[in-house]
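Report on the following structure.
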Amino acid sequence: MNRTPPFRSAATGIRPAPPSGAGPVPVPVTAARFRAACPVCRGRFELAAGALRLAIGATRRTTFYTFTCPDCGAGVRKPAGERIIELLTGGGVRTLRLHTAP
């Protein structure tokens, strides 16, 4: 039986799965971070998914994401095209679907 000793990758912290029957192996989950910039103070930073909100409306004007600048405290609202929507929803950003009047 060829047994290799368990290793821990310094880069990822992920270990290979143990032989079956040995139980589950916890896998570290990396939280999504998004690069953003503030139009008020021109600061550049990274935000966790929980710091962003995405609103999806019926038009381009009513589809946007928001966050508070960690540098100056300004509330920022930016338009969200299809690619931005895809990235933010895939990264776990909370989404609000805006309804139109009937």
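The values are calculated or read from the model by the stated rules, or taken from the named source; none is laboratory data. Computed from a predicted model, the values in this text were never measured in an experiment. Here Cβ is always computed from backbone atoms with ideal geometry, including for glycine, and neighbour counts include all displayed protein chains. Just so you know, the surface numbers come from the protein's heavy atoms only, side chains and all, with ligands and any DNA or RNA stripped out. Shrake-Rupley method; radii C 1.70, N 1.55, O 1.52, S 1.80 Å.
Observations on the model:
- Any chance Phe64 is touching a Pro at 6+ places or on another chain (Cβ under 6 Å) and modelled with pLDDT of 70 or more: yes
- Listed by first and then second residue, the pairs linking a residue in segment 80-93 that is closer than 20 Å to Ala58 by Cβ to a residue that is surrounded by fewer than 17 Cβ atoms within 10 Å (Cβ to Cβ) and polar (S, T, N, Q), with Cβ atoms under 7 Å apart and 6 or more places separating them unless they lie on different chains, are Thr89/Thr95.
- Positions within segment 39-74 being β-branched (Val, Ile, Thr) and out of contact with any Ser or Thr (no Cβ under 6 Å at 6 or more places or on another chain), in sequence order: Val40, Thr59, Thr62, Thr63, Thr66, Thr68
- Search result, residues across segment 70-102 that are touching a strand residue (DSSP E or B) at 6+ places or on another chain (Cβ under 6 Å) and either open to solvent by less than 40 Å² (accessible area, probe 1.4 Å) or on the phi > 0 side of the Ramachandran plot (or both): Val76, Ala80, Leu88, Val93
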